[in-house]
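Enquirer: There's a structure below that I have some questions on.
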Amino acid sequence: MFAYISRRIVYVIPIVISVALVCFLLVHITPGDPLVAVLPADASQELAAQLRAAYGFDRPLPVQFGLWLLRALHGDLGNSIATGRPVLAEVMRAVGNTVTLAIVAAIIGFTMGILLGLIAGYFRETWIDKVATSFAIAGVSVPHYWLGMVLVIIFSVQLNWLPAVGAGPNGSNSWAWDWAHLKYLVLPAITTSVIPMGIVTRTVRALTGDILSQDFVEALRAKGLHETGVFRHVIKNAAPTALAVMGLQLGYMLGGSILIETVFSWPGSGFLLNSAIFQRDLPLLQGTILILALFFVFLNLLVDIAQAAIDPRIKRG
Amino acid sequence: MSELPLSATADAALQAAPATRARGYWATVGRRIARDKVSMACALVLLLIFLSAILAPWLGLEDPYKGSMIRRLRHIGTVGYPLGTDELGRDMLARLIYGGRLSLVIGILPVILAFCIGTSLGLVAGYVGGKLNTAIMRTIDVFYAFPSVLLAIAISGALGAGIVNSIVSLTVVFVPQITRVAESVTTGVRNMDFVEAARASGAGPFTIMRVHILGNVLGSIFVYATSLISVSMILAAGLSFLGLGTKPPEPEWGLMLNTLRTAIYVNPWVAALPGAMIFAVSICFNLLSDGLRSAMDIRN
């Protein structure tokens, strides 16, 4: 088990370096000069050359990557072109809001998904199963940004119960756990939770169905075990796979929040990414993507380790 | 063809036997899916949407580009404008139907491209194995380190707005996923006896991959690819919704949703219409893909 974990950790290193390489290259696949955003339109050739040297753009790409990586390792992702502030600080401030949203959405989506999935799997091929499965299919097929709009139309425009955009009263950007702020979280969190709800439902339903059709369940029932006891076995057997799926979904919620954050003007990393794209703020774009991707890589690592820890069948030595 | 497999003659023998007239695999799949009501209903809805998009210019619709300041944001059910008008006074019905043209292309084309590229990569990686497999699959792993929405937005954001860029970025998102599936099914088939037999009778690697392996793995990869269309439709429209795909005044569902966002206080249900189209197409493809999957799972 320790061999497995350490191997898994070592395997992360090349992944992290390649992720950094992809983020680094992003700036270089952009059409035109990476200087375009900083350089005034009427800049002279000398100024352009000076700036190019100052930013290090005149060196060969591998050298640039090495230097960039070295600075990134020290937490220096450069400064945002739009605000002039350090990228890392900007991203970290925004990521906090995204994490809040993702975790609340995960609690809603995973709870619903597990419950619906267990019920659907247990009552397979009955009308209960059909209802739960329809929910799941709708959840994975709905364009979530549109669902967000529809929820705003119903609960903000028509009923006027909940605020439509923002993350707190008076455009406040700092999160607090009180009702004044929570009101702003309800709609984005429900919107975010729909896809994981659908996927977890489908996973848990399939797992439950598979486990219930295995011989050992028959044996447990034949020995006279009560249905709640059978259920405990189902949960224990389904947990590792379900956990892996949920971990992945949490990662998708953190990294894929841009559409929902745009709909609700939620001041998180996705919103930051959106403004970085449209202001052509390449260092900010690069830094945000790097940090979100690293989050995802480490979350996957944690999930793998947790899975190995709770599943005695995993002895990938 | 010198590499005619032994199994082919065996199949011919089976088919010749009158009592057990073996039906082809795909014919069986077709019959099974034709009996599935949900799949057929979805296929019908999709057929209607596709046909109306293709035939849009001949349906006698209003001009989807022509607006009018005096008839902006009419409600659903207005005389002459059954689905209302948008923020520039353009007929919503016409825009929704014309919008299908671009929306369907930018949603489905990335999956088709990724299907071709991913299948080739996966087939080569799975059949050749060894160092080439490691090289291809480890490169693919890097893309798995990004959540797919983030990857699509990162590439689109770096390349800049535009239809081509949006198709490119979504193709890059789906290639790794299809490659992984293709590689794993190919690895499962490559050591089977009929491949060995073909190799023994002198078939080259290209012929084996094309004739013997592709036919056996294409079905699984195809089903997997159809399940991606729903995601691709949502993401493609999402990129346009963010302003990274189609540019105004083109009618496209994601972009329409974006420009109508400001209208939700005036005429909310008209504003929500383009999203309903994305939802309809996406859920139909999902259900159809599920139906296809269970129809192809013949052993079950």
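Enquirer: Please state the charge dipole magnitude for the stretch A:38-197, taken about the Cα centre, from unit charges on C-beta atoms (+1 on K and R, -1 on D and E), reported in debye and rounded to the nearest 20. Working shown, then result.
Expert: Working: 8 positive and 8 negative charges, 38 e Å.
Result for the stretch A:38-197 is approximately 180 debye, rounded to the nearest 20.
Enquirer: Here's something else I'd like to know. For A:N79, enumerate residues with amide H under 5 Å from its amide H, sequence gap 5+ or separate chain, H modeled in the peptide plane.
Expert: Residues meeting the amide H criterion: A:V87.
Enquirer: For A:W179 and A:D76, what does the FRET efficiency come to when R0 = 30 Å and r is the distance between their Cβ atoms, rounded to the nearest 0.05?
Expert: For R0 = 30 Å, the calculated efficiency reads 0.15.
Enquirer: Also, quick follow-up: Across the stretch A:293-302, in residue order, what do the Karplus-derived ³J(HN,Hα) couplings come to in whole Hz, using 6.51 cos²θ - 1.76 cosθ + 1.60 with θ = phi - 60° and x for Gly and Pro?
Expert: My calculation for the stretch A:293-302 gives 5, 5, 3, 5, 4, 6, 5, 4, 4, 4 Hz in order.
Enquirer: Hey, another quick one. Fewest Cβ neighbours within 10 Å first, please rank A:T100, B:T85 accordingly.
Expert: A:T100, B:T85
Enquirer: Additional query: Give, rounded to the nearest 20 debye, the magnitude of the charge dipole that chain A has about its Cα centre when Lys and Arg contribute +1 at Cβ and Asp and Glu contribute -1 at Cβ.
Expert: That gives a dipole near 820 debye.
Enquirer: Rounded if a/c is under 1.5, else prolate if a/b is larger than b/c, else oblate: which is the protein assembly as shown, with a ≥ b ≥ c the root eigenvalues of its Cα gyration tensor?
Expert: Because its axes are fairly even, with a/c under 1.5, the protein assembly as shown counts as rounded.
Enquirer: Can you run phi through the Karplus equation (6.51, -1.76, 1.60; θ = phi - 60°) for the stretch B:33-45 and list ³J(HN,Hα) in whole Hz, with x for Gly and Pro?
Expert: My calculation for the stretch B:33-45 gives 6, 5, 7, 8, 5, 4, 4, 5, 4, 5, 4, 5, 4 Hz in order.
Enquirer: Grab the protein assembly as shown and count how many Lys pairs have their alpha-carbon atoms under 20 Å apart, sequence gap of 8 or more, or different chains.
Expert: Taking the protein assembly as shown as the scope, the lysine pair count is 4.
Enquirer: Tell me, in nm to one decimal, what length is gained between B:L218 and B:S184 on full extension, where the rule is 0.36 nm per residue of separation less the Cα-Cα distance?
Expert: Details: separation 34, 0.36 × 34 = 12.24 nm, distance 1.21 nm.
Taking B:L218 through B:S184 to full extension adds about 11.0 nm, to one decimal.
Enquirer: Can you find, among A:M149, A:L220, A:P240, the residue sitting farthest towards the positive end of the charge dipole of chain A, where Lys and Arg contribute +1 and Asp and Glu -1 at Cβ?
Expert: Most positive-ward Cα: A:L220.
Enquirer: Quickly rank A:225-238, B:182-195 as a protection proxy: mean count of other C-beta atoms within 10 Å, highest first.
Expert: Numbers: A:225-238: 14.7, B:182-195: 18.1.
In decreasing order of mean packing, A:225-238, B:182-195 become B:182-195, A:225-238.
Enquirer: Only Cα pairs within less than 10 Å get springs; with that Gaussian network setup on chain A, which residue of A:A106, A:A48, A:A20 has the largest fluctuation?
Expert: A:A48
Enquirer: Another one. Taking R0 as 25 Å, what FRET efficiency do you get between B:A276 and B:K247 from their Cβ-Cβ distance, rounded to the nearest 0.05?
Expert: 0.65
Enquirer: Right, another one. Once the dipole of the stretch A:208-296 is set up with Lys and Arg at +1 and Asp and Glu at -1 on Cβ about the Cα centre, which of A:G209, A:S257, A:L272 lies farthest towards its positive end?
Expert: Positive-most Cα among the choices belongs to A:G209.
Enquirer: Please give, to one decimal in nm, the separation of the simple spin-label points placed at B:C116 and A:I13, each 7 Å out from Cα toward the Cβ.
Expert: My value for the distance between the label points is 4.1 nm.
Enquirer: Could I have the simple spin-label model distance between B:L47 and B:V266, label points 7 Å from Cα toward Cβ, reported in nm to one decimal?
Expert: The answer from the label model is 4.0 nm.
Enquirer: Any chance you could give the angle, 0 to 90 degrees and rounded to 10, that helix A:179-212 forms with the longest Cα principal axis of chain A?
Expert: Relative to chain A, helix A:179-212 is tipped by roughly 50 degrees.
Enquirer: Kindly express, to the nearest 10 degrees and within the range 0 to 90, the angle between helix A:2-29's C-alpha long axis and the longest C-alpha principal axis of chain A.
Expert: Rounded to the nearest ten degrees, it is 40.
Enquirer: Could you calculate the contour length gain from B:R31 to B:E196, that is, 0.36 nm times the residue separation minus the distance between their Cα atoms, to one decimal place in nm?
Expert: Separation in residues times 0.36 nm, less the Cα-Cα distance, equals 56.1 nm.
Enquirer: Which of B:P274, B:P110, B:P249 ends up with the largest GNM mean-square fluctuation for chain B, with Cα atoms connected below 10 Å?
Expert: B:P249
Enquirer: In the protein assembly as shown, which Cys residues have no partner Cys with a Cβ closer than 4.7 Å?
Expert: A:C23, B:C116
Enquirer: How far is helix A:127-141 tilted off the main Cα axis of chain A, in degrees rounded to 10, range 0 to 90?
Expert: It is inclined by approximately 10 degrees.
Enquirer: Return the sequence-ordered ³J(HN,Hα) values of the stretch B:51-65 in whole Hz as given by the Karplus equation 6.51 cos²θ - 1.76 cosθ + 1.60 applied to θ = phi - 60°, using x for Gly and Pro.
Expert: In residue order, the calculated couplings are 4, 5, 5, 5, 8, 3, x, 9, 8, x, 8, 5, 5, x, 9 Hz.
Enquirer: What residues from the stretch A:89-126 fall in the zone where the backbone N is under 16 Å from a label point 7 Å along the Cα-to-C-beta line of B:D297?
Expert: A:120-126
Enquirer: Next up: Let me know the charge dipole size of the protein assembly as shown about its Cα centre in debye, to the nearest 20, where only the beta-carbon of Lys, Arg (+1) and Asp, Glu (-1) is charged.
Expert: 960 debye
Enquirer: Expressed in nm to one decimal, what extension gain is obtained for the pair A:I29 and A:A309 from 0.36 nm per residue of sequence separation less their Cα-Cα distance?
Expert: Difference between extended and current length: 96.7 nm.
Enquirer: Taking chain B as a Gaussian network, where each spring joins two C-alpha atoms under 10 Å apart, which residue of B:A94, B:A27, B:A41 fluctuates the most?
Expert: B:A27
Enquirer: Calculate, for A:T228 and A:Q158, the FRET efficiency according to 1/(1 + (r/R0)^6) with r their C-beta to C-beta distance and R0 60 Å; round to the nearest 0.05.
Expert: Rounded to the nearest 0.05, the efficiency is 0.90.
Enquirer: Please list, in chain and number order, the residues 5+ apart from B:L83 or on another chain whose amide H is under 5 Å from its amide H, with Hs placed from the backbone.
Expert: Hits under the 5 Å cutoff: B:G77, B:M92, B:L93.
Enquirer: Label points 7 Å out from Cα along the Cβ direction at B:I76 and B:F206: separation in nm?
Expert: Label at B:I76, label at B:F206, 5.6 nm between them.
Values in this text are rule-based calculations from the coordinates and carry no lab data. Note that the coordinates shown come from a computational prediction; the quantities given were computed from them, not determined experimentally. Here Cβ is always computed from backbone atoms with ideal geometry, including for glycine, and neighbour counts include all displayed protein chains.
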